[in-house]
Structure formats: C-alpha cells, structure tokens
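Below is one structure, written out as structure tokens, with a few remarks after it.
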There are 2 protein chains.
Amino acid sequence: MGETEKEKNAEIEELAQKVPEFISQRKYSELKKILIEMNPADIGDLMEELPRENLPLVYRILPKEIASEVFVYIDSDTQELLITSFSDSELKEVIDDLYVDDTVDIIEEMPANVVKRILKHADQDMRNEINKILKYPKDSAGSVMTTEYVDLKENLTVEDAFLRIRRTAVDKETIYTCYVKDDNRKLIGLVTVKDLLMADYQEKISDIMETNVISVNTTDDKESVANMFTKYDFLAIPVVDNEGRLVGIVTFDDAMDVLQEETTEDIEKMAAISPTDKPYMKMSAFELWKKRIPWLLLLMISATFTGMIISSFEEALASFVVLTSFIPMLMDTGGNTGSQASVTVIRSISLGDIEFKNMPRVVWKEIRVAVLCGITLAAANFVKLLTIDRLILGNGDITVQVALVVCLTLILTVLCAKVIGCTLPMFAKKLGFDPAVMASPFITTIVDAVSLVVYFRIATMFLHIGG
Amino acid sequence: MGETEKEKNAEIEELAQKVPEFISQRKYSELKKILIEMNPADIGDLMEELPRENLPLVYRILPKEIASEVFVYIDSDTQELLITSFSDSELKEVIDDLYVDDTVDIIEEMPANVVKRILKHADQDMRNEINKILKYPKDSAGSVMTTEYVDLKENLTVEDAFLRIRRTAVDKETIYTCYVKDDNRKLIGLVTVKDLLMADYQEKISDIMETNVISVNTTDDKESVANMFTKYDFLAIPVVDNEGRLVGIVTFDDAMDVLQEETTEDIEKMAAISPTDKPYMKMSAFELWKKRIPWLLLLMISATFTGMIISSFEEALASFVVLTSFIPMLMDTGGNTGSQASVTVIRSISLGDIEFKNMPRVVWKEIRVAVLCGITLAAANFVKLLTIDRLILGNGDITVQVALVVCLTLILTVLCAKVIGCTLPMFAKKLGFDPAVMASPFITTIVDAVSLVVYFRIATMFLHIGG
C-alpha cells in the first residue's frame, strides 16, 4: 500500500519473470492466488510482459469476473492473440461481460476476420448497440460514448429508483448518475445516487431531479466534450441526438483518455510528426519513418528559400565573412522566440483560454514582450561581442558597426518572430486547420528567412557593402 | 441542451453584456431567475466577463448553496475582489460551505492579509484541516488531497453504512467510495456505494469490502498519482502516511486538473519557457518576459559555439561561398529530425511507456529510423540540387561534388540528431532533471554545432579546401 508507480512496475516485472516457472511446474493454484489479489489493470500490465505462449493459459487461470475486466486493459496485439486462442464459448463469455463501449474500442483495432467472429458471438442486443456506436464519425462524442446507463422515469419514487438501480447495476458502467427520460426518450433530467440517498423513499423522481442538464450532441467533437469534464467535474455527460433523445453517456474515464490522446497528438504535431495512437515502443522503424518523413521533406524544401536568400547576398558575405558566423545565432534565437509565442498560443487555444477574437490583445502583448526580450538579448549580445569576442578573444573583425548590425537584427527578428509565432496558430484555427501544426518547425522555417533578409538589409545599409 | 462549447461561450458573453443593464434597472429577481438555471461553472465564466464593479452585487444575488459552488470556479483575482467586499459573516458562510481542498487552493493564491482573514473566519476543525494540507510539499499527493471522505468501520452493517453516508454526505466531496479504517486509523479496505446497493442490509462491511486497496503516500509526486487515474479509472484514490494511516483522498476531478497542468508545464518547457500556472491572458508582458528571457539568453550564448565553428572555417567558406547557402537547410533539418526523436521520447516517458532501461531498444530503433530518413532526404535533395538548382536555375557552383558533400552531411546529421534527440531526455530523467527541457531548443542548439562540424569536415575532405 502506498507504493509508488515505480515500485509497482518493478514488482510486476519481477512477477513476470517468475510466471513461466509457475507454469512449467504446473503451480496454477498458487499463481491464481497471486493474481486475484492484483488490480485488473496491473494484471493487464503483467500480461504484456509475459512470453506470448504463456498468455492463453494465464488468462484461463483468472476467475471469470476478473478475466473480462483484465481484457480491457491489455493491448490490442495481446487481445487479438487471446481471441484467436479462445473457443467459441469462451469468446462469448468474455463479450457478454464487456461493456459495449469497451467492445467497440476492441473491435476498432482488430482485423476484419476477428471482428466478424466477435460480432457473431455477441447477442442481438449487444450487436445492435455496437453497430450504433460504430456508425458515428471517428472523433465524435457518439464514438466514445457507452449506451449502458441507468435510466429512470419521472413518476418513479426514490424507492422504485433504488430497486431499478439494484436490478440493472451489474451491467452499467456508472450508476451514480441516473438519467430521466420522458415517453419519447427525450432527456428531461438527471438525479445522482447522492440525491437519492439524501431523499425520502416516497419522494418522486420528478421532485428531486435536476432539470437543467448539460448534454452534448452525438456529432460534437470528442475533444471539446472531454474539455467539458475539466470544466464541470462531471462523472458522466449525457449524449443526445438532434431530437434531444438520450442515446448514451460519456464517462469521465473515457474523457480522461481522450484528453491524454489529444494532447499527445498536439505534441506530435508541434514536433512535425503525423500523429498516431500507437505507443512508441509498438511502432516499427518503418512506421516511424512514415510518420516523420513527409514533414521533414516539406520543411527541407522550404529551407531552400533561406538558402536562396544567402546566395543572393553571397558577394556581400564574401567581402564581410565575419557576418556568416552570426547566422546560426540569429536563426536560432529567432526560431526560439517564435516557438515560445506559438507554443504558448497553441496550448492556450486548446485549453480554451484564447479565441480568434482575442488576436489584437495577444498581438499587442507579444509585441511588448518582444521589445523587452529583443532589447535584453541585444544588450547582452552587444556587451559580449565587444568584450569577450573583440577584446578577450581578439577578433578584430568585430567592429562596433558589426556589433550594432547584429544587435539591431536581433531586435527586429525577435519582434517579427513573436508576431508571426502568435498570429499563425490563430489564423490556422480560424481557417479550420489544427493550430498545433504552426509550432516550432514551421515557425522556425519562416522566421529563418525573415531574419536573414533583415540581417542582410541592415548589413548592407550600415556596413556600406553591395547586396 | 446538446450545445457545443462555442455556442455556450457565445451565450455567456451575450448574457454578460446584458447584466449591467439588469443591475442599473434593479431587475435583480429576473437576473436571479436566469442565474439559478445555470451551471455553477458557467456562472463562474460569466462573472469573469462582467465589469468588476458589478461582481459583489451579482454574487449576492445568487442563492447561498449555489454561491459557494460558484466561488470555486472563478479566478483568483475575482475571488480576492469578492473576499475584500464580503462582510465577516458573509465570508464565514462561504468558507463553511467550501470543501477543504478548494479552500486550500484559494488560500494558496491569496495575499497574506486575505489568508489571515480567511483563517480567522474558518472554524477550528477547518483551520486544522487546512493547515494539515498546507504543510505538504508543493507537488505532493498531500497537497492536492481532500480530508473530507466517508470512512466506515469494518464491523458496521450495510444498513449502518447507509445511515452514516446519509448523515455525513452533505460535507463530503465524494461519497461513492467509502474507506474502511481500523482502530488505529489504518486503511484496511474500501467499499463502493455500488457494492453497498448490491448487498443485503444485514451484511457486514468486513464481508463485502475490497481489501486489496491501491493507495498512495502523502509525499508521492502528484503527477504520478494523476497518472494512476488514467490507468485504473478510479473515482478517488486514498492517501496514507508512512504508517499506513488514511489521511485523505485525491478525487478524479483534481487528478484531471493535475494532468492538464503538468502537460501544459511540459509543453512550456519543451518550448524553452519557464512554466507557470497563470493563464496566458492574465500574464503581463513583463511576467511573460521573465518566463522566457532566461532560456533565450542561455540558448543565444550557446549558439556562440556554432558561430565559432563557422569562424574557424571562414577561409574555406570564403573560397567556396556556395557552401554557406546550405547552412540553414542543414541546421534546420538536423534540428527538426532531432526534435522529432526527443519530443516522442519525452512524451513516452511522461506517459510511462518508456523507461531508462529501454534505452538500447530506443536508440537502435532511432538509428534505423535515422538511416531511412537520412537516405530519403539525401536522395530528394541530390535530385533537387542537380535538376532544379543546377539545370533549371543555372547555378553552376553546384557541382556533383558539392551535392554529394551536402547529401552525405544530411545523412550523418540526421543520424547524430536522432541519437542525441532520443538519448538526452532519458539521461535527463535518470539524473533527476525534467526530460521536457531536452526538447527542440536544446537539441537544435547541440545539433547545429554537430551538423556544422560534420559539414565542414566532409567539405574539407571532398572539395580539397583548407579548413
């Protein structure tokens, strides 16, 4: 008890080492004793560490009620392996015990023949529910909801409600929020088990239910639904169709998963990687290459323009070679300042703190930050150039004029970088693109070109060289 | 019902426009009618949009039971304004209604004189609880827990348990998981309201409780605690001290907040920004500057080394000026490939998918990805240089030798970048630093230097120029 994540992982690994031994010595009941003391999620972790040939046997050792819970926590490769090893009746048992939304999650990862087999062994009701959820678009609330919730009628008493909950609870993912429907299946209210516990047995549901219910539509984006959980602290949120009929609920644990996945996607996009929902360790080198190379190629080709800018100032550079040595510093600083602005804005957009209409305030704020940063950087650099580089290291090429050119470029580059960095994600969002794409790599490529043009223009003006 | 986030925001803004009118016309009861139909979190959003002089009045219009709920959802500036406007008895009422963990959150953001006033008006019990939580380290489980949970004794019957829940529920943040303590306050089990509802009234808690309880220690890192929620789908997790005594619980909504905050922090660090928990729109330009400038200065100074590398090859560059024009492309591509590897690894570490012991597998995978990416990029670039740049644009300086130098540099740079990008975050983690710092800006600075050294070495070798 009170173990840290790390200790727990170490324990699971240790056990994973011992399991093959247990099995080869046929100590099944001892193994069972250990397993039933564990949390299903931990058994899931354990199974992923085991040799694949041990998996069906270990799974069969588990008591039935634990087995189907564990099934939800293992990765899809292992699920597929187990399903293939199941007899028809075993498969039916597992499917009967699964919640419908978990079954859908499993189905979405399986090859067609496995899906067929699962659907064949699901009972008619389950099959209908599965098909209902499967038909919603990939990133919609409908696709992550479950159809297993407790529904009540408004004319029931609290006592009736408790009876109904007791009778149906075993199949429901959450019983703590119950939804009240009218005869047309329209959602008209909700009541929590806490409300029921605090009420008299004879009170009517209609008297104690909350009628201002916040709900979402089946077609709403699942990320915006997940964000509602962080705002309202709900256990579950009801999902209605266009006619206001209750069709399912999204539970907080699924919302948490959506938030984690969407954040990972955002982070990947910010690093110029096409997003994927496969964990890194499960991806082959070839799959990783496919996710990364399109952006690298695009960005490499874009960098050609930067090269062209340098080429067009080649003569100036040849006569003032010292200027070349500041190119990396100017480009990097521009890229870094621009990324700071863009990443801050991207994250604020996805947390709902910034919208397009805030653009003027954001730009004005970034301009002030840019002036502060630009002056600080330029001052630090000016002092460094004339003391360390010129006096101490004795680099005579660095004159006061050269230092001024570099520092003035710094200020202007930082200003451009911050403005570009904060506006592009907002424009992207407005135009319906994902703002996360407008992060470091893109901003850097654009700011590179800008900083070089600024640099060479200023150099041409101040150092009296031909451009 | 079924409104999207956007529609809801638009509605709240519209209402915010009208509120000052309601107030100037003294239509308080009409305003009240609208407000009591709203969710407390939405009222909180509304209040942030209102002119500050309207706030105390609008808050007083709210019925008491809604008012303290709303208080939790407004930002700390508004909270401070309201507290200042409260009479002593009003303040006492609000504090009495708040959960202790919310009170602690509020106290942490308030200036000392406000904290003093809050503590003065909290009753003795509340003050003790607050002080207990405040003494835990900033990022620990203890600092985000609440001490208000339902506790049971194992010799109670289910009926007794329901009575106890009914009697105490109103003050508890969650009642759905009840914790069983022995006479020494040691946590010995838990029982959910679902279990209680499914059990007979005369059954003993000791017979139905789950005894394999997963708990965390008060000093555990709050991020690792929050990660346990995504793994186990708990509603709450118990927090115990070093003696195994139950001292509080962390609820899923607080865990969700921790996850969001920690992810924002990670993203900020990845963009070379010192993290903050203040939303962007609330930060002044000066505060933003303070969060950004240290990293910019550090990275700018680091880029000096890159400049020194260029300086030391100045003569070579002067005689082969065309080489300069490829510097940005090589630096950017190196930075981008390195960032892809580092960001992927950083995110995998924080999701718990990768640990230090996986290093050899990760490095081997990245080497293979690097070879694939490097060859693709080099091939594309080679073709582009000799067709578009040489043939079509007529740049005669680009010989086959020059193209080979650039492409060979690309391959080696990508290889170094991927290896540096994937290993640095893991070393950082191992040494107890935050891996998120080892993202794009740092990797880029390091890879820049590496790519230039590689470039000039290869150029010197192949083009027969003096280095």
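The values are calculated or read from the model by the stated rules, or taken from the named source; none is laboratory data. Just so it is clear, the structure is predicted and the values come from calculations on it, not from any experiment. Note that we place each Cβ from the backbone using ideal geometry, even for glycine, and neighbour counts take in every protein chain shown.
Take region A:229-238 and flag every residue that is at the interface with chain B (Cβ under 8 Å from one of its Cβ atoms) and either in a loop (DSSP other than H, G, I, E, B) or within 13 Å of A:Lys186 (Cβ to Cβ) (or both).
Listed by number, the residues that qualify are A:Asp233, A:Leu235.
So, in region A:202-228, exactly how many residues are of a type in the set (D, E, K, R), in a helix (DSSP H, G or I) and in contact with a Leu (Cβ under 9 Å, 6 or more places away or on another chain)?
1
For region B:63-100, enumerate the residues that are surrounded by 15 or more Cβ atoms within 10 Å (Cβ to Cβ), out of contact with any Pro (no Cβ under 9 Å at 6 or more places or on another chain) and not in a helix (DSSP H, G or I).
Result: B:Ile74, B:Leu98, B:Tyr99.
Inside region B:111-147, can you point out the residues that are assigned to a helix (DSSP H, G or I), of a type outside the set (A, V, I, L, M, F, W, C) and free of Cβ contacts under 8 Å to residues at least 12 places away in the same chain?
Correct list: B:Asn113, B:Lys116, B:Lys120, B:Gln124, B:Asp125, B:Arg127, B:Asn128, B:Asn131.
Need pairs with beta-carbon distance below 7 Å; first residue in the same structural domain as A:Val191 (by TED's automatic domain parsing) and within region A:213-236, second aromatic (Phe, Trp, Tyr); sequence gap 6+ or separate chains.
Hits for this filter: A:Ile214/A:Tyr232; A:Thr218/A:Tyr136; A:Phe229/A:Phe252; A:Phe234/A:Phe252; A:Leu235/A:Tyr176; A:Leu235/A:Phe252; A:Ala236/A:Phe252.
Residues are listed down the side, and each one gets a yes or a no for (1) modelled with pLDDT of 85 or more; (2) over 22 Å from B:Pro328 (Cα atoms); (3) part of a helix (DSSP H, G or I):
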| residue | (1), (2), (3) |
| --- | --- |
| B:Ile420 | yes, no, yes |
| B:Leu424 | yes, yes, yes |
| B:Phe427 | yes, yes, yes |
| B:Ala436 | yes, yes, yes |
| B:Ile443 | yes, no, yes |
| B:Val447 | yes, no, yes |
| B:Val450 | yes, no, yes |
| B:Val454 | yes, no, yes |
| B:Ile465 | no, no, no |
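Report yes if some residue within region A:395-403 is part of a helix (DSSP H, G or I) and without any contact (Cβ under 8 Å) to a residue 12 or more places away in the chain; otherwise report no.
Checking region A:395-403: not a single residue is part of a helix (DSSP H, G or I) and without any contact (Cβ under 8 Å) to a residue 12 or more places away in the chain.
Quick check, is A:Asp353 at pLDDT below 90, more than 23 Å from B:Leu298 (Cβ to Cβ) and more than 8 Å from chain B (Cβ to nearest Cβ)?
So A:Asp353 fails the test.
Would you be able to say whether some residue in region A:23-41 is of a type in the set (Phe, Trp, Tyr), more than 14 Å from chain B (Cβ to nearest Cβ) and buried (at least 20 other Cβ atoms within 10 Å of the Cβ)?
Among the residues of region A:23-41, not one is of a type in the set (Phe, Trp, Tyr), more than 14 Å from chain B (Cβ to nearest Cβ) and buried (at least 20 other Cβ atoms within 10 Å of the Cβ), which makes the answer no.
Select, from A:Ala255, A:Ala271, the only residue that is within 20 Å of the chain's Cα centre (by Cα), surrounded by 23 or more Cβ atoms within 10 Å (Cβ to Cβ), modelled with pLDDT of 90 or more and not basic (Lys, Arg).
Checking each option against the conditions leaves just A:Ala255.
Here are the criteria: (1) under 18 Å from the mean Cα position of the chain (by Cα); (2) within 7 Å of another protein chain (Cβ to nearest Cβ); (3) over 20 Å from A:Met329 (Cβ atoms). Tell me which single one B:Ala285 does not satisfy.
It fails just one condition, (1).
Among A:Cys416, A:Cys373, which is within 13 Å of chain B (Cβ to nearest Cβ), buried (at least 17 other Cβ atoms within 10 Å of the Cβ) and in a helix (DSSP H, G or I)?
After applying the criteria, what remains is A:Cys373.
So which of A:Ile43, A:Ile36 is under 26 Å from B:Glu355 (Cβ atoms) and in the same structural domain as A:Ser85 (by TED's automatic domain parsing)?
Going through A:Ile43, A:Ile36 in turn, the sole match is A:Ile43.
State all residues of region B:422-467 that are of a type in the set (A, V, I, L, M), farther than 30 Å from B:Val402 by Cβ and within 14 Å of chain A (Cβ to nearest Cβ); if no residue qualifies, say none.
B:Met426, B:Ala436, B:Val437, B:Met438, B:Ala439
If B:Thr219 satisfies all but one of (1) within 30 Å of A:Ser342 (Cβ to Cβ); (2) more than 9 Å from chain A (Cβ to nearest Cβ), what's the number of the condition it fails?
(1)
Based on what the data block shows, is A:Ile188 over 32 Å from the mean Cα position of the chain (by Cα), assigned to a helix (DSSP H, G or I), buried (at least 18 other Cβ atoms within 10 Å of the Cβ) and within 12 Å of chain B (Cβ to nearest Cβ)?
Considered against the rule, which asks whether it is over 32 Å from the mean Cα position of the chain (by Cα), assigned to a helix (DSSP H, G or I), buried (at least 18 other Cβ atoms within 10 Å of the Cβ) and within 12 Å of chain B (Cβ to nearest Cβ), A:Ile188 comes out as no.
Is it the case that B:Asp241 is at pLDDT 90 or above, surrounded by fewer than 19 Cβ atoms within 10 Å (Cβ to Cβ) and at the interface with chain A (Cβ under 9 Å from one of its Cβ atoms)?
Yes: the conditions hold for B:Asp241.
Among the listed residues B:Ser348, B:Ser311, identify the single one that is small (Gly, Ala, Ser), closer than 17 Å to A:Ser284 by Cα and either buried (at least 22 other Cβ atoms within 10 Å of the Cβ) or assigned by TED's automatic domain parsing to the domain that holds B:Ser451 (or both).
One residue alone meets the criteria, B:Ser348.
Do we find that A:Val247 is in a helix (DSSP H, G or I), more than 10 Å from every other protein chain (Cβ to nearest Cβ) and either buried (at least 18 other Cβ atoms within 10 Å of the Cβ) or in contact with a Gly (Cβ under 8 Å, 6 or more places away or on another chain) (or both) in this structure?
Spelling it out, it is not the case that A:Val247 is in a helix (DSSP H, G or I), more than 10 Å from every other protein chain (Cβ to nearest Cβ) and either buried (at least 18 other Cβ atoms within 10 Å of the Cβ) or in contact with a Gly (Cβ under 8 Å, 6 or more places away or on another chain) (or both).
Pick out the one residue from A:Lys231, A:Lys222, A:Lys204 that is surrounded by fewer than 23 Cβ atoms within 10 Å (Cβ to Cβ), under 26 Å from the mean Cα position of the chain (by Cα) and not hydrophobic (A, V, I, L, M, F, W, C).
Every option except A:Lys231 fails the conditions.
In region A:149-174, which residues are surrounded by 21 or more Cβ atoms within 10 Å (Cβ to Cβ) and in a loop (DSSP other than H, G, I, E, B)?
Once the filter is applied, which keeps residues that are surrounded by 21 or more Cβ atoms within 10 Å (Cβ to Cβ) and in a loop (DSSP other than H, G, I, E, B), region A:149-174 yields A:Tyr149, A:Val150, A:Thr174.
Restricting to region A:175-185, count the residues that are crowded, with 16+ Cβ neighbours inside 10 Å and either among the aromatic types (Phe, Trp, Tyr) or more than 9 Å from chain B (Cβ to nearest Cβ) (or both).
The total comes to 6.
Can you tell me which residue within region A:299-320, out of those that are free of Cβ contacts under 8 Å to residues at least 40 places away in the same chain and facing chain B (nearest Cβ under 7 Å), is nearest to B:Pro328 (Cα to Cα)?
Only one residue tops the list, namely A:Gly307.
Taking the stated definitions as given, is A:Thr337 surrounded by fewer than 22 Cβ atoms within 10 Å (Cβ to Cβ) and at the interface with another protein chain (Cβ under 7 Å from one of its Cβ atoms)?
Spelling it out, it is not the case that A:Thr337 is surrounded by fewer than 22 Cβ atoms within 10 Å (Cβ to Cβ) and at the interface with another protein chain (Cβ under 7 Å from one of its Cβ atoms).
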